[in-house]
Each structure stands twice: as C-alpha cells, then as structure tokens.
Amino acid sequence: EADIYQTPRYLVIGTGKKITLECSQTMGHDKMYWYQQDPGMELHLIHYSYGVNSTEKGDLSSESTVSRIRTEHFPLTLESARPSHTSQYLCASSLAGGRGDTQYFGPGTRLTVL
Amino acid sequence: GENVEQHPSTLSVQEGDSAVIKCTYSDSASNYFPWYKQELGKRPQLIIDIRSNVGEKKDQRIAVTLNKTAKHFSLHITETQPEDSAVYFCAATSLGGSYIPTFGRGTSLIVHP
C-alpha cells in the first residue's frame, strides 16, 4: 500500500548522542519535508527536498542535516542531540508541479532527549 | 516569502453549531489552499482544498471559501460533532515545482457534546 513511513516511532536518548530519524515513502513523490511539532502546536519546517540530490533548509534551524540519495528515502540526522530537540518530528511528501501539492504526512517520531 | 495568518487559535463550540476558521495570505502568487485536520496523537490529513480559479468548494459538512482580492480563505464546518474536535491547519502555496507550502499556526477546535 502506498504510504509514508517513519522509524522509530518513539526514541529516548541521552544528550550528545547522534541519531538518525528514518522516512520512506512509496508514493513516488518528488518533494519531501521534515517538520518539528510540539503536540497540537504549529508546524515548523526544518528541511525539504525537491528530488534526488536536492536538500534545502527550512525556517527552523535545528542543527540537523538531511540527505536525498534515493527518491523514496529522506533521513534526518541530529549530530549531537540536546534537550531542546525534544519534540515530535513529522516527515511529509508531495508531488511536484501542477499536478497538486497535497502533502501526505508520516505518523511521526516522538523524540525525548534527556 | 509567503506569510499565512490563522485565526482564532482556539475555538470552542457546542455540538450542532457551526465553526469558522479564517486565514489570510500575503503572496498574490499563491493559488492553492489546502486545509489539514490533525486529531490528537495523529498525523495531519488533508480534508479539503481549493484552487484560486474557484471561489467556494463544499464536501458534505465542510466548505472552503476564497477571496483572492482580499487574500483570505475560510473553513466552514456545519452541524459540528465531537469527532470534529482537532487542530486545523490552513496552508498557502503555488502549484509549481519550486513552491513550498506555508502553514498557518493552527486552530484548536473543541466541540462540546
């Protein structure tokens, strides 16, 4: 079934650890996005990608990096996690061009940094 | 860049009442306006959208209106039910390869039984 997947769903780690949040979509979408969201609050765009080998920074600088080596895969890496990174991270994808820009969101990764 | 303002931040209604959430945008190049619903603990999901060549769109109890001249669009929910309780986000973007949607800050709708 075409969908967007995120792993892990929950993660508790210590300060200073390096972590990678995984996101994969099977919908063949060109664009992919990472958002940070505290429960029920606004969506903060962290990174986005127009396609393979394209990565851009969003409005929120969270000391993270992304890569887009394959169309379906868009991992987010935190080099050194801090308590301020505690939040939910949502991955999303959409088609590019005039075919519509509806975003499809993954289930999220809830990160706690101790 | 685009700026989207969303009001109110919280809306409390009685079951059966109507609810209206309003958004304004700044970039006249924006031509696609989706609305997403996020239930507690769930992911945001598209509930309705409108393109700039249409002034109104309806889907059962929900409708969206667009005023391009004033640069504002609204979500209308009639006959609200407790399951409508959620956070609603509006967004504005332009249909094209390089545009990224800009989201409003969200409205928490509470429907009291």
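The values are calculated or read from the model by the stated rules, or taken from the named source; none is laboratory data. Note that this is a predicted model, so its numbers are computed, not measured. Neighbour counts run over all protein chains shown; Cβ positions are idealised from the backbone, glycine included. These area figures cover heavy atoms from the full protein model, side chains too; ligands, DNA and RNA do not enter into them. Shrake-Rupley method; radii C 1.70, N 1.55, O 1.52, S 1.80 Å.
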Going by the structure shown, is residue B:22 touching a residue at least 24 places away in the same chain (Cβ under 8 Å), surrounded by fewer than 19 Cβ atoms within 10 Å (Cβ to Cβ) and within 13 Å of the chain's Cα centre (by Cα)? yes
Within region A:2-10, identify whether any single residue is exposed (fewer than 14 other Cβ atoms within 10 Å of the Cβ), modelled with pLDDT under 95, touching a strand residue (DSSP E or B) at 6+ places or on another chain (Cβ under 9 Å) and more than 22 Å from residue B:106 (Cβ to Cβ), and answer yes or no. yes
Flag if residue A:57 is within 14 Å of chain B (Cβ to nearest Cβ), under 21 Å from residue B:92 (Cβ atoms) and open to solvent by 60 Å² or more (accessible area, probe 1.4 Å): yes
Filter region B:78-102 for residues that are in contact with a Pro (Cβ under 9 Å, 6 or more places away or on another chain) and under 15 Å from residue A:102 (Cβ atoms) and give the result. B:89, B:90, B:91, B:92, B:93, B:101
Among the residues of region A:11-27, write down those that are touching a residue at least 60 places away in the same chain (Cβ under 8 Å) and either under 14 Å from the mean Cα position of the chain (by Cα) or under 22 Å from residue A:103 (Cβ atoms) (or both). A:19, A:21, A:23, A:25, A:27
Selected residue [within 13 Å of chain A (Cβ to nearest Cβ), of a type in the set (Val, Ile, Thr), surrounded by 17 or more Cβ atoms within 10 Å (Cβ to Cβ) and touching a residue at least 12 places away in the same chain (Cβ under 8 Å)] from B:48, B:62: B:48
I need a count of the residues in region B:93-113 that are surrounded by 20 or more Cβ atoms within 10 Å (Cβ to Cβ) and modelled with pLDDT of 95 or more. 6
Quick check on region B:40-62. Is at least one of its residues in contact with a Pro (Cβ under 6 Å, 6 or more places away or on another chain), closer than 19 Å to residue A:93 by Cα and of a type in the set (Lys, Arg)? yes
